[in-house]
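Q: Okay, here's the structure, questions in a sec.
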Amino acid sequence: MEGTISRVLFAFTLVVIGLSTHALAHTKLEKSEPAAGATLTQAPKQIQLWFNEKIDPAISKLDLTSASGKIALSGVHVMSGKELMASVTGAVAAGTYIVSWQTAGDDGHVVKGDFTFTVKATTHR
C-alpha cells in the first residue's frame, strides 16, 4: 500500500511540474528581419518576426517608429501561423528605428516586446 501511495504522489508531482512548466512557456520572439541591433545600408522593405509557437492574428500588432514618429506599415498579417509581417510603406531615412510588437500564443497570454535597428544610408521610399 505504501509503495502505491508513493508512486501516485510521484506521478502527481510530475504532472504538476509539467503543467507549471507549460504555464510559464509564453510565446517568444525567436528572430527578426531586420535583426535586433542590425545596421542597414538601405531602408527595409518589410518587417518580419518569427515566434516559437503559433500566434493569434486578432491580438498581433506591429509598429515602426523613429525619433520623428510612426512610420507607415501596411498589410500587417500572420504568415505560416508563427510569423508576423508588414510592408514598410512610409519614408525611412538614416537613423535609429524601434520595432514594437504584440502577440499571444496558445495560452492567450499577451506578450509585447521591441528592438531597434539603424539605417546608415539615407534612403527614401
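The values are calculated or read from the model by the stated rules, or taken from the named source; none is laboratory data. The structure presented is a predicted model; accordingly, all values stated were derived computationally and were not measured. All Cβ positions, glycine included, derive from the backbone under ideal geometry; neighbour counts span all protein chains shown.
Q: Of the conditions (1) over 16 Å from residue 33 (Cβ atoms); (2) out of contact with any Ser or Thr (no Cβ under 9 Å at 6 or more places or on another chain); (3) at pLDDT 95 or above, residue 83 satisfies every one except a single condition; which number is it?
A: (1)
Q: Only one of (1) within 13 Å of residue 44 (Cα to Cα); (2) within 17 Å of the chain's Cα centre (by Cα); (3) without any contact (Cβ under 8 Å) to a residue 60 or more places away in the chain is not met by residue 117, so which one is it?
A: In the conditions (1) within 13 Å of residue 44 (Cα to Cα); (2) within 17 Å of the chain's Cα centre (by Cα); (3) without any contact (Cβ under 8 Å) to a residue 60 or more places away in the chain, residue 117 misses (3) alone.
Okay, residues lined up against (1) in contact with a His (Cβ under 9 Å, 6 or more places away or on another chain); (2) at positive phi:
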position	(1), (2)
68	no, no
84	yes, no
87	no, no
91	yes, no
100	no, no
105	yes, no
108	no, yes
114	no, no
120	no, no
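Q: Condition first: part of a strand (DSSP E or B) and under 23 Å from residue 41 (Cβ atoms). Now tell me which residues in the range 81-95 satisfy that.
A: 85, 86, 87, 88, 95
Q: State yes or no: is residue 73 touching an Asp or Glu at 6+ places or on another chain (Cβ under 8 Å), within 15 Å of residue 104 (Cα to Cα) and not polar (S, T, N, Q)?
A: So residue 73 does not fit the description; no.
Q: Now for a different question. Looking at the range 90-121, which of its residues are touching a Lys or Arg at 6+ places or on another chain (Cβ under 8 Å) and surrounded by 15 or more Cβ atoms within 10 Å (Cβ to Cβ)?
A: 90, 92, 101, 102, 103, 105, 111
Q: Here is a list: 25, 43. Which entry is aliphatic (A, V, I, L, M), surrounded by fewer than 15 Cβ atoms within 10 Å (Cβ to Cβ) and on the phi < 0 side of the Ramachandran plot?
A: Matching residue, one of 25, 43: 25.
Q: Continuing with the same structure: Which ones in the range 102-113 are in a loop (DSSP other than H, G, I, E, B) and at pLDDT 95 or above?
A: Listed by number, the list is empty, since nothing qualifies.
Q: Can you name every residue in the range 55-75 that is without any contact (Cβ under 8 Å) to a residue 40 or more places away in the chain and assigned to a loop (DSSP other than H, G, I, E, B)?
A: 57, 58, 67, 68, 72
Q: In addition: Here are some residues: 78, 99. Which one is within 13 Å of the chain's Cα centre (by Cα), part of a strand (DSSP E or B), over 15 Å from residue 36 (Cα atoms) and modelled with pLDDT of 95 or more?
A: Of 78, 99, the one residue that is within 13 Å of the chain's Cα centre (by Cα), part of a strand (DSSP E or B), over 15 Å from residue 36 (Cα atoms) and modelled with pLDDT of 95 or more is 78.
Q: Of the conditions (1) surrounded by 15 or more Cβ atoms within 10 Å (Cβ to Cβ); (2) over 24 Å from residue 118 (Cβ atoms), residue 58 fails just one. Which one is it?
A: (1)
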